[in-house]
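The structure appears right after this line, and notes come after that.
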DNA sequence: ACCTGAACACCGTTCAAGT
DNA sequence: ACCTGAACACCGTTCAAGT
């Protein structure tokens, strides 16, 4: 009675669950890109036919929704004990880090409409942190909007860079081989700012983030310390 | 001799060119999303078999590269006579407008690696505008990075919003029906900032853009008027 | 209840064949 | 030179059938 007689115990096959399916989808996406996430491919990842997945997931769209929320679970919420600035810095860094580890992140955020529980919970934590930092509701909305736009946009543009993230930009100068006569400013940029020094586009992230945070801080000060 | 004897003149069918193919692809994307852009579908749009396209385009990847550059051609460059701030404001607005007209824009920017001529030309014009505004090379790179990240990110997040862009957020409150006990800050935000007033998330764009521009202006001032 | 095989209408791309 | 038909190895999804 503890374990059905007719059922193959099969310890090797834990049985299909929505969670296991989403994790398999993430593994496939990590390895082969979002492009490679197909029902058949995810099924194979689990040693199962594609059609079996339909008993646990409504369809591919629902699977992608779940995958988006799986990603959002990995993003750290702002620490409760830190101030708003440190909190935002930490959660923006985590958001970027997650998107870096899973390069299919921006694409899935972009293609989805239905926000999952992880996203909502994260958003709530962000708003709570800003509230504690003294942000009026309206300003908190502004802050959230501009910060999210910046982080997602940075990751997006970083990924579409024509050179490898880690490597220098010397490749770019070679690969592109853009005529300096037609593009004098770009040539100057590449020469002065990049060649020679070890340039990492990733360093731009902190610069822009601090710029945005500075902007928010001055807006907060202008709103007045009493404007709670 | 002027026109071959055996060739069907066929005024109705201008003959396939790369340009016509890219335009057809854009039309399909506008109508059915980037998802709907398939070689077969684009072929049908032109009254031609899918395989004919391969005589003018190397493959689907090359077609998408060309489609990305087609999009970038539509983005207005900063006016030469305006100052850097007005110039950046104008080109950021245009970039956003183009992405709004063609919602598949961010997706294609994200998925492509090879920058086309339109993108390079646009980038050059932006750098030129900043240079004239007195931006040192390094600061121009920062400016470009943070502005692009902001605009792309804003469009991306705007599109993944769970409510219709034009409409209010009343739908959200209904559709989501999130329990106010679990999400007090979000509930407060929706209630205070949105319900009642006619809230348009699009208004956030200008707010954030000005915040970023303010940040750049103060960085520029700190670099010193003589730091050319 | 859960899994599956066959089937349907799609994909991108190759290749030999037509004009 | 340019276009095409058939073919190959893929898609998501439905549905009737198995256990």
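Take peptide B:96-107, look around each residue's Cβ out to 10 angstrom, count Cβ atoms belonging to other protein chains, and average those counts.
Details: counts 0, 0, 0, 0, 0, 0, 0, 1, 1, 0, 7, 5.
Counting other chains' Cβ atoms within 10 Å and averaging over B:96-107 gives 1.
Peptide A:211-218 has a mean of 5 when you count, residue by residue, the C-beta atoms of other protein chains within 10 Å of its C-beta. In this label model, residue A:118 and residue B:188 are separated by 2.7 nm, measuring between points 7 Å along each Cα→Cβ vector.
Apply 1/(1 + (r/R0)^6) to the Cβ-Cβ distance of residue A:207 and residue B:206, taking R0 = 25 Å, and write down the FRET efficiency to the nearest 0.05.
On the way: r = 23 Å, r/R0 = 0.91.
Step by step, r from the Cβ atoms, then E = 0.65.
Given a cut-off of under 8 Å on Cα pairs at least six residues apart, what relative contact order in percent is computed for segment B:14-57?
Working: 36 pairs, mean separation 16.1, N = 44.
Relative contact order, segment B:14-57: 37 percent.
Each copy carries residue A:52; placing its label point 7 Å along the C-beta direction from Cα gives inter-copy distances of 4.6 nm, listed from smallest up.
Rounded to two decimal places and with Rh computed the Kirkwood way over Cα pairs, what is Rg over Rh for segment A:14-57?
Numbers: Rg = 9.4 Å, Rh = 10.1 Å.
When Rh is taken as the Kirkwood radius, the ratio is 0.93.
Ordering A:77-88, A:149-160, B:20-31 by mean Cβ neighbour count within 10 Å, with the highest value first, yields A:149-160, B:20-31, A:77-88.
Neighbouring Cβ atoms from other chains, within 10 Å of the Cβ of residues in B:36-44, number 0 on average.
Here the label points at residue A:54 and residue B:180, each 7 Å from Cα along the C-beta direction, are separated by 4.3 nm in the simple model. As a rough guide to protection, the peptides A:140-147, B:199-206 ranked by mean Cβ packing within 10 Å, highest first, stand as A:140-147, B:199-206.
Coordinate-derived values only; no laboratory data. Keep in mind it's a predicted model, so treat the numbers as computed, not measured. Note that we place each Cβ from the backbone using ideal geometry, even for glycine, and neighbour counts take in every protein chain shown.
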